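Everything below concerns the one structure shown next.
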Amino acid sequence: GQNIDQPTEMTATEGAIVQINCTYQTSGFNGLFWYQQHAGEAPTFLSYNVLDGLEEKGRFSSFLSRSKGYSYLLLKELQMKDSASYLCALLEGYQKVTFGTGTKLQVIP
Amino acid sequence: GAGVSQSPSNKVTEKGKDVELRCDPISGHTALYWYRQRLGQGLEFLIYFQGNSAPDKSGLPSDRFSAERTGESVSTLTIQRTQQEDSAVYLCASSRVAENTIYFGEGSWLTVV
């Protein structure tokens, strides 16, 4: 969506840590999602944040600051299979979900 | 069903023809979403349903596009007089209020020639 901004592409090294940022503007914030999408496949759910702070789930963590309109997805111990697009999405109002254009992450050996 | 089901999975159509894409959401999911994704691009919001009503149709690109939903079940997205620019994958997703996740189908890949 036009009110969600993410970097277009990122490159990181296998075993490293990468942070993918997302900034947004909305008057009806009800939560923020991160999805992973491998080329040619449907998006799959990674995380959901509605309160400020860090949510950790294995190698993936997601952070939210509502006052700053900012979130990031942190990927640790990168693996080659993590090469994919990472989509930030807003839950607005009751149930409307809109996506950013996504960040294409390339993991290199 | 176990997951969101979409049909057809692939469709090649001639410019000017009408197409219908179908989505079967997960049973019990009240919300249903349609997105369009052009090759190498992000997900473009088209429309979403709460039950069989559509609170937000703002994403439909033109009056050639329409969608309907029967109760809390099947939805169809219809594209009339298709154009080459309509070529994309059309993704359907569903969710229920108590669960903060939306689940995607595998998409319907549309090619207009």
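Take B:W109 and tell me if it is within 14 Å of another protein chain (Cβ to nearest Cβ), in a strand (DSSP E or B), of a type in the set (F, W, Y) and in contact with a Cys (Cβ under 9 Å, 6 or more places away or on another chain). Don't jump to the end; show me each part of the working.
Values: within 14 Å of another protein chain (Cβ to nearest Cβ): yes; in a strand (DSSP E or B): yes; of a type in the set (F, W, Y): yes; in contact with a Cys (Cβ under 9 Å, 6 or more places away or on another chain): no.
Judged against the criteria, B:W109 is not a match.
Name the residue, out of B:G107, B:G71, B:G28, that is crowded, with 22+ Cβ neighbours inside 10 Å and either of a type in the set (D, E) or on the phi > 0 side of the Ramachandran plot (or both).
On the way: B:G71 fails: crowded, with 22+ Cβ neighbours inside 10 Å; B:G28 fails: crowded, with 22+ Cβ neighbours inside 10 Å.
On inspection, the qualifying residue turns out to be B:G107.
Just to confirm my filter: which strands (runs of 3 or more DSSP E) fall fully inside chain A and include at least 3 residues that are of a type outside the set (D, E), open to solvent by 40 Å² or more (accessible area, probe 1.4 Å) and closer than 21 Å to B:S95 by Cβ? Show your work before the answer.
Working: elements: A:9-13, A:18-24, A:29-37, A:44-49, A:53-57, A:60-65, A:70-75, A:84-92, A:96-99, A:103-108.
The strands (runs of 3 or more DSSP E) meeting that bar are A:44-49.
For the stretch B:58-77, enumerate the residues that are in a strand (DSSP E or B) and farther than 20 Å from B:L43 by Cβ. Steps first, please.
Taking the stretch B:58-77 and keeping what is in a strand (DSSP E or B), we get B:65-69, B:75-77.
Correct list: B:E68 only.
Can you name every residue in the stretch A:68-109 that is under 15 Å from A:I4 (Cα atoms), more than 9 Å from chain B (Cβ to nearest Cβ) and of a type in the set (S, T, N, Q)?
A:S71, A:T103
Just to be sure I understand the filter: pairs with C-beta atoms under 6 Å, separated by 6 or more residues or on different chains, first member in the stretch A:51-74 and farther than 19 Å from A:G102 by Cα, second member assigned to a strand (DSSP E or B). Which pairs pass?
Once the first residue is farther than 19 Å from A:G102 by Cα and sits in the stretch A:51-74, its partners that are assigned to a strand (DSSP E or B) give A:D52/A:L64; A:D52/A:S65; A:L54/A:S61; A:L54/A:F63; A:E55/A:S47; A:E55/A:N49; A:E55/A:S62.
So, B:L46, is that one under 24 Å from A:Y35 (Cα atoms) and open to solvent by 30 Å² or more (accessible area, probe 1.4 Å) or not? Let's see the steps before the verdict.
Values: under 24 Å from A:Y35 (Cα atoms): yes; open to solvent by 30 Å² or more (accessible area, probe 1.4 Å): no.
Spelling it out, it is not the case that B:L46 is under 24 Å from A:Y35 (Cα atoms) and open to solvent by 30 Å² or more (accessible area, probe 1.4 Å).
Out of the residues in the stretch A:82-104 that are hydrophobic (A, V, I, L, M, F, W, C) and more than 11 Å from the chain's Cα centre (by Cα), which is nearest to B:R38 (Cα to Cα)? Even if it seems obvious, please write down each step before you answer.
In the first step, residues of the stretch A:82-104 are kept if they are hydrophobic (A, V, I, L, M, F, W, C); the result is A:84, A:87-91, A:97, A:99.
Then drop every residue that is not more than 11 Å from the chain's Cα centre (by Cα), which leaves A:84, A:91, A:97.
Working: A:A84: 16, A:L91: 22, A:V97: 18 Å.
Restricting to residues being hydrophobic (A, V, I, L, M, F, W, C) and more than 11 Å from the chain's Cα centre (by Cα), the top hit is A:A84.
Give me the residue from the stretch B:78-101 that is among the polar types (S, T, N, Q) and not in a strand (DSSP E or B) and, out of that set, most open to solvent (accessible area, probe 1.4 Å). Please lay out each step first, then the result.
To start, the set of residues in the stretch B:78-101 that are among the polar types (S, T, N, Q) comprises B:78, B:80, B:82-84, B:87, B:94-95, B:100-101.
Those still in the list that are not in a strand (DSSP E or B) too: B:80, B:82-84, B:87, B:100-101.
Details: B:Q80: 70, B:T82: 0, B:Q83: 57, B:Q84: 121, B:S87: 37, B:N100: 65, B:T101: 16 Å².
Per the stated criteria, the residue is B:Q84.
May I ask you to say which residue of B:S5, B:S58, B:S9 is within 11 Å of chain A (Cβ to nearest Cβ), open to solvent by 50 Å² or more (accessible area, probe 1.4 Å) and more than 21 Å from A:Y48 (Cα to Cα)? Give the steps one after another, and end with the answer.
Values: B:S5 fails: within 11 Å of chain A (Cβ to nearest Cβ); B:S9 fails: within 11 Å of chain A (Cβ to nearest Cβ).
Residue meeting the stated conditions: B:S58.
The values are calculated or read from the model by the stated rules, or taken from the named source; none is laboratory data. Just so it is clear, the model here is predicted, and its values are computed rather than measured. Backbone-built Cβ (ideal geometry, glycine too); neighbour counts: all protein chains shown. Ligands, DNA and RNA are excluded from the accessible area calculation, which covers all protein heavy atoms including side chains. Shrake-Rupley method; radii C 1.70, N 1.55, O 1.52, S 1.80 Å.
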